[in-house]
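What follows is a short report on a single structure.
Every read-out reported here was derived from the displayed coordinates using simple, explicitly stated rules and does not represent laboratory data. Quantities reported herein were computed from a predicted structural model and do not represent experimental measurements. All Cβ positions, even for glycine, are placed from backbone atoms using ideal geometry, and neighbour counts span all protein chains on display.
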Amino acid sequence: MPVRQKRNPGSQSALRLSNQQRILSNLVSSGPTTQADIARGTGLSTATVSNIVKVLVDCGLVSTSPTTSSGRRARLVSLKSTDGAVSVGIDFGRRHVRIIVATLDYRVIAEKEIEIPLGCTAAEALDISANLLTSTLAQAGVQRSAVLGIGVGVPGPIDRRTGTVVKGAILPEWVGFTVGMAEASFELPVYLENDANLGALAESTWGPHAGTPTVVFVKIGTGIGAGLIFYGKPYSGNIGLTGEIGHTPIHEHGLLCRCGNRGCLETVASTTIMIELLSHALDRPVRTRDIVRLVLDGDERAIRVVDDAGFAVGRSIAAMANLVNPHTIIVGGPLTDLGEMLLRPIRSGLERYAVPMIVETTELVMSSLGERAEALGGAALVLQQSGIHSTLT
Ligand SMILES: [Zn+2]
């Protein structure tokens with residue numbers, strides 16, 4: 001479940017958006033319906049339905065026409081043709097913003113990525129992405145009114161009770177960021193989700209593993225996190241903090257982790273630590289893309305770092321696989337171009353620590369969506385949440 005439906009239970013705008021969504025879903029499943037029947041179908045008051053329908057007419061999502069029902073005058077509400085409607089996925093990273101515009105039948109019609117400065121505040125990143133959205137839509141010839149919503153991915157945990165990015169985010173500047181801030185900036189409905197969860201959703205909707213019942217998506221990047229899909233739906237637990245495998249203890253007396261514990265998986269297998277180790281060993285600054293290049297060029301130091309990191313990831317995945325027994329485990333993030341060079345040590349860790357029958361029956365693969373996964377997941381989230389997805393499958 002994305003944040004949007006459950007955030008700020010007391011907030012008027014959250015309530016309005018959630019009601020809006022219920023009405024749209026009702027129209028998707030029932031076809032043209034009178035306002036009175038929508039009220040009955042959704043359990044909302046007729047006054048609320050009438051107000052929201054006015055908003056939806058203004059947004060161009062529905063149209064109304066006079067009709068009669070049981071001999072009385074009534075207003076028939078119809079969902080406008082969704083031809084031309086799009087969903088948008090935006091993925092925020094430490095140094096990039098990626099945007100994907102997709103049609104309702106899952107075709108990507110526009111895609112852009114730009115670099116952002118390190119240490120960019122959430123407000124600055126939002127400004128940059130709002131401009132990027134405007135130029136991308138213009139280039140694709142898409143009207144703003146055709147955007148159903150934006151699925152936004154951030155690399156950090158999101159507390160669903162408040163719809164807020166909480167402590168533990170890879171980008172400390174984003175702690176305290178809310179869905180409302182994004183909606184104010186984009187002036188469109190926004191669904192906020194953790195990036196690993198969006199990766200998982202993308203894999204189960206866009207990738208070659210679409211339709212796989214249980215998927216674990218493990219993102220190895222600046223941080224390490226896992227997204228879980230159980231029977232087509234993202235699993236969000238109690239307050240939304242799931243799949244935090246980056247904080248699985250690996251070395252009891254290891255390095256201090258940003259979570260306050262010691263020796264977490266992130267302290268031995270994130271790209272942050274790989275960069276630190278390699279910069280030291282090579283005596284020059286190293287960036288994420290250099291890790292891939294160095295390994296593929298056969299640099300022993302880089303291969304050692306990736307080998308050790310992969311084995312530790314495999315060990316943490318083993319604990320999760322023993323618990324969840326997934327059909328497929330998909331590894332994503334900026335190192336996917338390493339292919340077998342990274343999968344091999346992960347598989348070794350899995351084989352060493354998971355129950356043998358689980359190892360034999362679990363598929364372990366590299367993401368084929370690469371760094372696009374999170375933004376694709378954002379677009380998929382909008383479709384899933386607006387009820388469009390259910391009419392297509
Ligand atoms: Zn930790």
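With springs only between Cα atoms under 10 Å, which of LYS219, LYS54, LYS233 fluctuates most in a Gaussian network model of the chain?
Of LYS219, LYS54, LYS233, the most mobile in the Gaussian network model is LYS54.
How large is the Kirkwood hydrodynamic radius of the stretch 85-216, counting all unique pairs of alpha carbons, in Å?
By the Kirkwood definition, the hydrodynamic radius is 15.2 Å.
Using the Kirkwood radius over C-alpha pairs as Rh, can you work out the diffusion coefficient of the stretch 208-368 via Stokes-Einstein at 10 °C, viscosity 1.306 mPa s, in µm² per second? Don't skip to the answer; put the middle values down first.
Details: Rh = 15.9 Å.
This corresponds to a translational diffusion coefficient of 100 µm²/s.
Please figure out what share of the DSSP beta bridges in the chain is antiparallel and state it in percent, rounded to the nearest 5.
Numbers: 38 of 57 bridges.
The antiparallel fraction comes to roughly 65 percent.
Quickly estimate the mean residue ellipticity at 222 nm for the chain, helices only: each DSSP H run with n ≥ 4 gives -39500 (n - 2.57), and the total goes over all residues, rounded to 500. Spell out each step's value before the answer.
Working: 15 runs with 171 residues, N = 393.
So the helix-based figure for the chain works out to -13500 deg cm²/dmol.
Quick one: check the C-alpha center-to-center distance for the stretch 150-220 versus the stretch 29-75, whole angstrom.
Centre-to-centre distance over Cα atoms comes out at 32 Å.
Using the number of other C-beta atoms within 10 angstrom as an exposure proxy, rank LYS167, LYS112 with the fewest first.
Working: LYS167 13, LYS112 16.
The order, fewest Cβ neighbours first, is LYS167, LYS112.
Along the Cα-to-Cβ line of LEU241, 7 Å from the Cα, sits a label point; which residues in the stretch 250-277 have backbone N less than 19 Å from it?
So the set is 250, 256-267.
Let me know the volume per residue of the alpha-carbon convex hull for the chain, in Å³.
Values: hull volume 54.6 nm³, N = 393.
In the chain, the Cα convex hull volume per residue is 139 Å³.
Rank VAL218, VAL55, VAL97 by mean-square fluctuation in a GNM of the chain with C-alpha springs under 10 angstrom and give only the top-ranked residue.
Result: VAL55 has the largest fluctuation of those listed.
Within the set of other residues whose C-beta is less than 12 Å from the C-beta of PHE311, count the net charge using Lys and Arg as +1 and Asp and Glu as -1. Numbers along the way, then the final one.
Working: positive: ARG304, ARG315, ARG344, ARG347, ARG352; negative: ASP307, ASP308, GLU351.
For residues surrounding PHE311, the net value is +2.
With the chain treated as a Gaussian network of Cα nodes joined by springs under 10 Å, which of ALA309, ALA110, ALA226 yields the largest mean-square fluctuation?
Taking springs between Cα atoms under 10 Å, the residue moving most is ALA110.
On a 0 to 90° scale, report how tilted helix 373-385 is relative to the longest principal axis of the chain, with both axes built from alpha carbons and the result rounded to the nearest 10.
30
Measure off 7 Å from each Cα along the Cα-to-Cβ vector at LEU323 and ALA210, then give the distance between these two points in nanometres to one decimal.
Label-label distance for LEU323 and ALA210, simple model: 3.1 nm.
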